1. Based on what the data block shows, is Gly610 of a type outside the set (Val, Ile, Thr) and in the same structural domain as Val496 (by TED's automatic domain parsing)?
2. Kindly indicate whether Thr521 is surrounded by 15 or more Cβ atoms within 10 Å (Cβ to Cβ), within 26 Å of the chain's Cα centre (by Cα) and not assigned by TED's automatic domain parsing to the domain that holds Ser64.
3. Looking only at segment 616-635, which residues are under 21 Å from Glu112 (Cβ atoms) and either at pLDDT below 90 or surrounded by fewer than 19 Cβ atoms within 10 Å (Cβ to Cβ) (or both)?
4. Which of (1) touching a strand residue (DSSP E or B) at 6+ places or on another chain (Cβ under 6 Å); (2) modelled with pLDDT under 90; (3) under 28 Å from Leu206 (Cβ atoms); (4) of a type in the set (A, V, I, L, M) does Val161 not meet, given it meets every other one?
5. Phe185 passes all but one of (1) at pLDDT below 85; (2) in a loop (DSSP other than H, G, I, E, B); which number fails?
6. Could you list, in sequence order, all residues of segment 652-674 that are at pLDDT 90 or above and assigned to a helix (DSSP H, G or I)?
7. For residues that are within 23 Å of the chain's Cα centre (by Cα) and surrounded by 16 or more Cβ atoms within 10 Å (Cβ to Cβ), scanning just segment 450-466, find the one that is nearest to Val436 (Cα to Cα).
8. Here is a list of conditions, (1) without any contact (Cβ under 8 Å) to a residue 40 or more places away in the chain; (2) assigned to a strand (DSSP E or B), and Asp368 meets all of them except one; can you say which number that is?
Amino acid sequence: MAVRNPSTIRNLMLAGHAGAGKTLLGERLLFTSGATKRMGSIEDGNTVLDWTEEARKHGHSLSSSLAHYERNGTHVTLIDTPGLADFFGQAIASLPAAGMVAVVVDATKGIETNTRRIFATAQQRNLPRMIIVNKIDDAQADLKALVEKIRDVFGSVCVPVNLPNADRSGVVDVLGDNTSGQPLFGDVESAHTSIVEQVVEVEDSLMTQYLDGGAGSLDRKAVHDAFEKALRESHLVPICFVSAKTGAGAEALLDLIEQQCPSPLETNPRTFEKLDDDGQLVEQFHPKTDASAPLLAHIFKVSSDPFVGKLGILKVHQGTLRAKDEIYIGEGRKAVRVNSLFRLMGKEHVDVGEVGPGEIVAVSKIDDVAFNAVIHAHANEHLRLKPLPLPKPMYGLAVHLSNHKDESKFAPAIAKLQAEDPCFIMDRVVATKETVLRGLGEMHLRVMLERLKNQYNIEVETHQPKIAYKETVTAPADGHHRHKKQTGGSGEFGEVYLRVAPLNGEEAQANGEHFLFVNATVGGSIPRQYMPAIEKGVRQALAEGAIAGYPIEGVKVEVYDGKYHAVDSKEVAFLKAGKRAFVDACRKAKPALLEPFVEVEVTAPSQYMGDITGDLSTKRGRVQDSMVEGETCILRAVAPLSTLQNYANELKSMTHGAGSYVMDYSHDERTPPNVQAEVIAAYNPHAEDD
């Protein structure tokens, strides 16, 4: 089989808010194009795209899924992505594989939170976009008002390319020649003029021709080329109408995808980066859509198949990939063999022999495949795709195994789940001695724990993670400890006098860490060979804490005096003396507890702005900025992480599921006295060894 001509390829990503009907729309396109013999149903759990048991159980897409169809010589790959905020990372991860992002809008609910998020992200990545208004068969949907709202929120570049007909059983084309029928609203001539005027603005020659002779004077191919250019330059976002349930508008949508959506030759190329051996950026470049060029592809999804094992789903950007080829993955210097290539049709696999630029395929049984890894043809090349704006996983659950016999397989199982989901991580928090799993929300982690149980037979118990506080000192103080231990033979003796003080910024910067150790002894009161042992003891105390069991930072330590014994003094004696002298000094130095603060950005309907602001103030949050865009408000604030442990559920309840947020670590601040007292009171240190 020859490599497919890139001009006949379309890669369409279906995205949008949960419940907009993306999966059912994908099923409708597959059925109407003849790729499937029956129309899948979400209720019956027999769709091609939501084929996993967990997707059927939860009633939502939980990861991206692929299918394809052929129509009039055009090969179209559909990438169905989740709409739930907890799985938004899966949608972001699929963006580099898409030639066009189809943002699906529920005609009855209008523009929702994740509709805005995916539209904005695709725009930032310079990807062509279209808006598909679904569920037009619902008589309660005010489609005219929705178009006005879309244009108000996303700009006048959004222009209908068809209109629903009067009885909502189909659509009236306003772009091509078949413009017969009575639209539900508006008129065909005005709609046609609007889209032609939007298109010709990107080509001066077309604009002149249009002004001189009107739309009828324009060459069809020239208009098509200008249409593609307008898409690439974000000067045009087509709006089309469909009902995935009844099939109204499905044929027109298939025609639009085939005739107007950009091929890999027409869309904006992805940006790759070349790095040196130290990981520093050398140059950025765009691949060539050329089958004869050196291979360049990237893996945008990793999944586990119950029959063939680990799958790497990739898009070829340049060159040709064949079964039995030897390739290099990421920074790997050893070639790996591609045993087979296949296209995905939900859970079904269709074998192919070779693929070229623009095609999306999967490879199996290659252990080195990893999310976002670049596949290339030459060794010693350090290449990567321009980093994606993935949401940072901040929602956490502390976990411990229900059965300690699972300890040996726990870490490998987590590693496999992390490979499949770029927004799922495991964090070992030294300060709290907890293993914490982090994701984008409560449902995200619940699904990951279900996978851990169902796929790897590992059960864990969970609880809210402890806050990783830090300790510091706010005033100078002296500390002293004499360690003396006599046994049958030689004993242990070491005496240390030291002082602690807050470490200023210049000292911390010069030292490269939040701790400075100084030997200020004179006259040989402590021999120099014992000073490393004292520092080691102090560093042990830094890790263990002095007042609440949390790491200490921002401290300067000066050892200024001490005593030793010619026979009994040993390193272990000075280690213990230094450790306890340091703790003694810290407890006198007006110790303070620091807590992590995070930057949080909340997006929600503007009607909830007052509730959200008031709630953040009760959490010791400080609103830094707020703005209203139409019916949506965006608030940016800083707040203690301890007060936002359950914020995902609280915000969902406050906004009836319409609000979302992202947060990231900002800085540390001193805790209020009452909080510090509670944390210290709860501290129950182990008895110290003599």
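The values are calculated or read from the model by the stated rules, or taken from the named source; none is laboratory data. Everything quoted here is computed from the prediction, not taken from an experiment. Note: ideal-geometry Cβ built from the backbone for every residue, glycine included; neighbour counts use all protein chains shown.
1. So Gly610 does not fit the description; no.
2. So Thr521 fails the test.
3. Of the residues in segment 616-635, the ones under 21 Å from Glu112 (Cβ atoms) are 626-635.
If the condition is that a residue be under 21 Å from Glu112 (Cβ atoms) and either at pLDDT below 90 or surrounded by fewer than 19 Cβ atoms within 10 Å (Cβ to Cβ) (or both), then Ser626, Met627, Val628, Glu629, Gly630, Glu631, Thr632, Cys633, Ile634 are the ones that fit.
4. (2)
5. (1)
6. Within segment 652-674, Met654, Pro673, Asn674 qualify.
7. Pro465
8. Asp368 satisfies every listed condition except (2).
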